[in-house]
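To start, the structure itself, in structure tokens.
Rule-based calculations on the coordinates, nothing more; no lab input. Since this is a predicted model, take the numbers as computed values, not measurements. Neighbour counts run over all protein chains shown; Cβ positions are idealised from the backbone, glycine included.
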Amino acid sequence: MQNALLKPLNLFYAEPDPDRWFKYDRYPRRLIRRLVRGKEKPGGVATIAINLMKGFDKIGAPYRFNDYKYIQKHPEEIACIIGKPHLLFERKWENPVILGAGIFPHPVECPELLVNYPNVKRVLVPGEWMRKMFEPFYGDKAVAWPVGIDTEYWSPNLNEAKTFDFLIYDKVRWEHDRYETELINPITAQLQKLNLSYQFIRYGSYSHQELVAKLQQSKSVIFLCEHETQGLAYQQILATDTPILAWDRGGYWQDPYYYPNKVKYQSVSSVPYWDERCGMKFAGAEDFEEQLKSFLAVHDKFKPRDYVLENLTLEICASKYLEIYREVERELA
């Protein structure tokens, strides 16, 4: 559809790639990496940029991408720095800036951001609990905004036989050995007790194609992660209409670089975008059996894809970004 916005948005995204041994060595190193490893697959922050542009394409919102020459010649126009934050810090921006959602994990990394960079008009973060964590530092400039899910790629495949009751998605990032003993082993023991079949996928060591293939074979997913700022992977799972039984431990933000010495913030969530259509939650091994039985009893009533289609499509999330952009435009007028 044609969007009423006439001027293209100015979008910027780049991965940090500093020189290492001598000036400009990042260029041959980049070429060697490409030759040795092949084309790099986009990570979570890159996916934010990619999916936002896909969403703009769908709603007919024009944009430029990484056009630094243009933005320098038009200091009155808004620069949308999706990430990463080195783009803000390493260049001189005269423009008003919308920063995020691919930024630093916590404001202690840049507590004086709005003082040192008064042209930053909004700081976007992926979800509501993270917004609350940023709010004491950045006030109402901190805004929760999720990127959209590609619901055409992540869609149900009704023709595939469901040979497993559960896919266990293991995204336990810290103290994995401890949680394997305290959480994962009790979960698998309970599944075996009820004669329920399962397979695993481990965060950081799978392709999207592998995840799709295993989802096609699985009736449900057990999602294990300490907390998520947005949670693209579990939302992609929901988009395939696969209900989730999610470990939602709550409590403190657990990143060991910050917790407990630098930052103590609670409460967090493993599934920050969620309602009763998506599935059910459990707090730990102690309530897993009860919640598993309740989940199985109502399994066929869950409608997880409906939730994603109503809240997290490429079009919906791109439109929400556009609303934030227009709000900043009105403030600058």
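Can you list which of the chymotrypsin sites (Phe, Trp or Tyr not before Pro) found in segment 249-291 are DSSP loop residues with at most 11 other C-beta atoms within 10 Å? Each step should come with its number before you reach the end.
Values: sites: Tyr252, Trp253, Tyr257, Tyr258, Tyr265, Tyr273, Trp274, Phe282, Phe288; in loops: Trp253, Tyr257, Tyr258, Tyr265, Tyr273, Trp274.
Answer in residue order: Tyr257.
Which is the longest part of the chain that has none of the trypsin sites (Lys or Arg not before Pro) sitting in a DSSP loop with at most 10 other Cβ atoms within 10 Å? Kindly include the intermediate steps, with their values, before the conclusion.
Details: sites that count: Arg20, Lys23, Lys39, Lys92, Lys264.
Result, exposed sites excluded: 93-263.
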Original post:
Looking at segment 125-199, which chymotrypsin sites (Phe, Trp or Tyr not before Pro) are DSSP coil and have at most 16 other C-beta atoms within 10 Å of their C-beta?
Top reply: Tyr153, Trp174
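Rounding to the nearest 20 debye, state how big the charge dipole of segment 204-333 is about its Cα centre with +1 on each Lys and Arg Cβ and -1 on each Asp and Glu Cβ.
Working: 14 positive and 20 negative charges, 29 e Å.
It comes to approximately 140 debye.
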Subject >> GluC sites (Glu not before Pro) lying in DSSP loop within segment 104-185, provided at most 13 other Cβ fall within 10 Å >> reply: Glu112, Glu152, Glu160, Glu175
Subject >> All lysines inside 19 Å of Lys262 as judged from Cα atoms, apart from same-chain residues fewer than 8 positions distant >> reply: Lys132
Original post:
With each run of n ≥ 4 DSSP H residues scored as -39500 (n - 2.57), what mean residue ellipticity at 222 nm is computed for the chain after dividing by its residue count and rounding to the nearest 500 deg cm²/dmol?
Top reply: -11000 deg cm²/dmol
**OP:** Compute the long axis of helix 208-217 from its Cα atoms, compare it with the longest principal axis of the Cα atoms of the chain, and write down the angle in degrees, 0 to 90, nearest 10.
**Re:** 30 degrees
Subject >> Translational D in µm²/s for the chain (Stokes-Einstein at 20 °C, 1.002 mPa s, Kirkwood Rh from C-alpha pairs) >> reply: 99 µm²/s
Original post:
Just how large is the dipole of the chain about the Cα centre, in debye to the nearest 20, putting +1 at every Lys and Arg Cβ and -1 at every Asp and Glu Cβ?
Top reply: 1120 debye
Subject >> Cα pair distances of segment 78-229 binned at 10 Å [whole percent] >> reply: 9, 28, 24, 22, 13, 3, 0
Subject >> Sequence-separation-based contact order of segment 164-311, relative, with Cα cut under 8 Å and 6+ spacing, percent >> reply: 25 percent
Original post:
Can you pull the percent of Cα pairs in segment 227-328 with separation above 24 Å?
Top reply: 37 percent
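Sort His227, His74 by Cβ crowding within 10 Å, fewest neighbours at the top.
Details: His227 23, His74 15.
Final ranking by Cβ density, sparse to dense: His74, His227.
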**OP:** Report the one residue of Asn261, Ala189, Tyr307 whose Cα lies farthest in the direction of the positive end of the charge dipole of segment 164-311 (charges on C-beta: Lys and Arg +1, Asp and Glu -1; origin at the Cα centre).
**Re:** Tyr307
Original post:
If you take every DSSP beta bridge whose two residues both sit in the chain, what share of them, in percent to the nearest 5, is antiparallel?
Top reply: 5 percent
Original post:
Which of the listed residues, Phe164, Cys278, Ala239, is farthest toward the dipole's positive end in segment 164-311, when Lys, Arg count +1 and Asp, Glu count -1 at the beta-carbon?
Top reply: Ala239
Subject >> Pairs beyond 25 Å (Cα-Cα), from Lys171/Lys281; Lys54/Lys92; Lys141/Lys264; Lys84/Lys171; Lys214/Lys301 >> reply: Lys54/Lys92
**OP:** In Å³ and rounded to a whole number, note down the convex hull volume per residue for the Cα atoms of segment 164-311.
**Re:** 110 Å³
